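Bear in mind that the values in this text are calculations on the coordinates, not laboratory data. All values derive from a computational prediction rather than experimental measurement. Positions of Cβ are generated from backbone atoms using ideal geometry, with glycine treated the same way; all protein chains shown enter the neighbour counts.
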Amino acid sequence: MKLTVFKKAATAILLSGVLLLTACSTGDKTSKETGSNGEEIVYFKYPDNPSFDLIYLADQLGYFEGTNTRPQYVGKVAAPQIIPLVGTGDIDFGSRMVPLVISAIASGADIKVVSAGGLTLEDAPHMKYFVRKDSGIREAKDLEGKTIGFNSFGACAEFVTKKWLREQGVDVDTIEWVVVPDDKGEQTVEQGDVDLAIIHPPHSGRASNNPELTALWSDYDLDKGLGGMAPYSVNGEFARNHPEAVEDVVTAITKAANWVNENPDEARKIIAERLGMDIENVERYAYVKDLVIEEEPIQYYIDILENEGKLKEGSVDVKDVYTNEFNPFANGKTASK
């Protein structure tokens, strides 16, 4: 059956990410060495995934220079494993959606959101919904009995979509949900292995330019972007042991985020070169100014998780999830180079 192939593929990708992390995480939890100034350099473990990511941009733009903190890339990590591995300390930072962090905290994981992330705009959405042009799917109700491919359970693609579909009167229990990595979403929907693919940038750009596909909606159409803020989270033990390093990271990615907002095309060029993609297929990104965390996007997902029966009401307070203490620009000062 066509779905079995992709379920097996997703499982293989997830396991390969875990195995790679196991190989790369042996020894001390944090690699250390002395820099030229005689001070200790703290390396934080971070996935090296094919994505538009502020850690990579901050590194490329030199925003870690002059600090005692550097990224240590540990190889590709399957998206569903990022937050669990931050919780265990196998990686130190990760960028994934808020509901995954909330669920991890509810399960006792030692993790905290320390920086805001993407800002969903009408012309810079967090995710898009693609079907084949000849699929006959044009409205939400057309998805009943169909198959949707998305990058992971427990995150924006699942919960934002299900919430909106229910609001349109769709019986979501008739839909089969299949995990498909973002960089495979275009192929799976074009080949008919799924009926609709939810794809995030930068890979949504290539799907947008595919003449066989059409984008029905974006998350901006669904909730005006309230659910699209993909923040950065840190392992609690790492933060307690290396608070200066956490501030270095937040400062660096904040500068990178503001640079992206001011130089969207140059940012697209850097990511295109990094991923080996045609720049025409790399969509624009936008970020929350100064990456200051606000409570509304977090409370949005707490409410969704409670309504979905995934979270006991009142078990997680919004202030349990995040802190702006490591962001020196949270007081109104703007980050710049």
Inset, instruction - Extending each Cα 7 Å along its Cβ direction at residue 307 and residue 134, get the distance between those two points in nm, one decimal. - result: 3.8
Inset, instruction - Take the chain, connect every pair of alpha-carbon atoms lying under 10 Å apart with a spring to form a Gaussian network, then pick out the residue of 223, 182, 173 with the largest mean-square fluctuation. - result: 173
Legend entry - For region 290-309 and region 73-128, distance of Cα centres in Å: 14
Inset, instruction - Return a whole-number percent for the relative contact order of the chain, with Cα pairs under 8 Å and 6 or more residues apart as the contact set. - result: 24
Inset, instruction - Tally the DSSP beta bridges in region 128-223 and give the antiparallel ones as a percent, rounded to 5. - result: 55
Legend entry - Size of charge dipole - region 128-223 - debye, nearest 20, with Cβ of Lys, Arg +1 and Asp, Glu -1, no other charges: 140
Legend entry - Volume per residue that the Cα convex hull of region 128-223 spans, once the total is divided by residue count, Å³: 83
Inset, instruction - May I ask for the angle, rounded to the nearest 10°, between helix 264-275 and the longest principal axis of the chain, with both axes built from Cα atoms and the value confined to 0 to 90°? - result: 90
Inset, instruction - Rounding to the nearest 20 debye, state how big the charge dipole of the chain is about its Cα centre with +1 on each Lys and Arg Cβ and -1 on each Asp and Glu Cβ. - result: 480
Inset, instruction - Please give the helix 2-24 orientation as an angle from the longest Cα principal axis of the chain, in degrees from 0 to 90, rounded to the nearest 10. - result: 10
Inset, instruction - Beta carbons within 10 angstrom, averaged per residue: use that to sort the peptides 297-309, 188-200, 48-60, highest first. - result: 188-200, 48-60, 297-309
Legend entry - DSSP beta bridge pairing in the chain, given as percent antiparallel to the nearest 5: 60
Legend entry - Option label - Rg/Rh (Cα atoms, Kirkwood Rh) computed here, alternatives [x] 0.96; [y] 1.11; [z] 1.06: [x]
